[in-house]
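Visitor: First the structure, then my questions, so here it is.
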Amino acid sequence: MHPILIIDDDAELGEMLTEYLAPEGFAATIATRGDSGAELALNGGYTAIILDVMLPGINGFAVLKKIRSQSMVPVIMLTAKGDDIDRILGLEIGADDYLPKPFNPRELVARLRAVLRRMAEPGQEDDSDLIECRELQLWPGARRALLQQQPLDLTSTEFSVLEILAKNAGKVVSKEMLYEGALGRTLSAYDRSLDMHISHLRRKLSEVDDQMVIHTVRGTGYQLEK
């Protein structure tokens, strides 16, 4: 069973999800306040966190900031349907994915499995799977990234996006390929989550090496400069 944490003040929803997720292999703990949820998230050893935006105590964005200050555990945010600002802000702070309410529990299971696949138990660094692009080095098995010998702190989704771009350095990678390979779902209209992950990667790469550039190829996808 995968231990997960659901931080949502809707106790009825939490109970329903707990019952639904158990047969799918997830053991859920429920927190109904932001402050207590943040404490559990940082001390509970969970493999993934489901985080609502609107919470008593402190809101979901503040909880996410606390989590990201100490942990890269996968976080899926629950947002109001059609609220682009919440989705964008959550991704900017470091959420791995989002799911608008109301949602089908089967979709939540699919999102959880996707982030857990990306965060499969890291192995030892093995140069046989080393991916290199100039001063960038990636070890997919260990989920470790170095740029100019400096470690990069990446979320699971950011690592997966960068891995695909690095494997295809110098080539244009379509958005469809990145959505399916890194986010585990198909591209849909008005979904800007990939754009936000690319934005985070650009910032993190440029802080170490401003020559490590990800180009936007309008209407097609992205290209990591070789």
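The values are calculated or read from the model by the stated rules, or taken from the named source; none is laboratory data. Remember, it's a predicted structure, so these values are computed and weren't measured experimentally. Glycine also receives a Cβ, built like all others from the backbone with ideal geometry; neighbour counts cover every protein chain displayed.
Visitor: Identify the residue in the stretch 55-75 that is more than 14 Å from residue 197 (Cα to Cα) and of a type in the set (Val, Ile, Thr) and, among all such residues, is surrounded by the fewest Cβ atoms within 10 Å (Cβ to Cβ).
Guide: Within the stretch 55-75, the match that is surrounded by the fewest Cβ atoms within 10 Å (Cβ to Cβ) is 58.
Every residue, every condition in (1) of a type outside the set (A, V, I, L, M); (2) more than 25 Å from residue 113 (Cβ to Cβ), yes or no:
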residue	(1), (2)
37	yes, no
47	yes, no
50	no, no
56	yes, yes
62	no, yes
68	yes, no
87	yes, no
93	no, no
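Visitor: For the stretch 149-175, what are the residues that are in contact (Cβ under 8 Å) with a residue 40 or more places away in the chain, outside any loop (DSSP other than H, G, I, E, B) and either among the small types (Gly, Ala, Ser) or over 23 Å from residue 73 (Cβ atoms) (or both)?
Guide: 156, 160, 165, 166, 173, 174, 175
Visitor: Could you pull out the residue among 226, 204 that is closer than 18 Å to residue 137 by Cα and touching a Gly at 6+ places or on another chain (Cβ under 8 Å)?
Guide: Going through 226, 204 in turn, just one is closer than 18 Å to residue 137 by Cα and touching a Gly at 6+ places or on another chain (Cβ under 8 Å): 226.
Visitor: Additional query: Within the stretch 176-208, how many residues are aromatic (Phe, Trp, Tyr) and part of a helix (DSSP H, G or I)?
Guide: The qualifying residues number 1.
Visitor: When only residues in the stretch 188-198 that are surrounded by fewer than 15 Cβ atoms within 10 Å (Cβ to Cβ) and of a type outside the set (Phe, Trp, Tyr) count, which is modelled with the lowest pLDDT?
Guide: This residue is 189.
Visitor: Sticking with this structure for a sec: In this structure, is residue 47 polar (S, T, N, Q) and closer than 11 Å to residue 6 by Cα?
Guide: Criteria not met by residue 47.
Visitor: Being in a strand (DSSP E or B), crowded, with 19+ Cβ neighbours inside 10 Å and within 21 Å of the chain's Cα centre (by Cα) is true for just one of 146, 138. Which residue is that?
Guide: When all the criteria are applied, what remains is 138.
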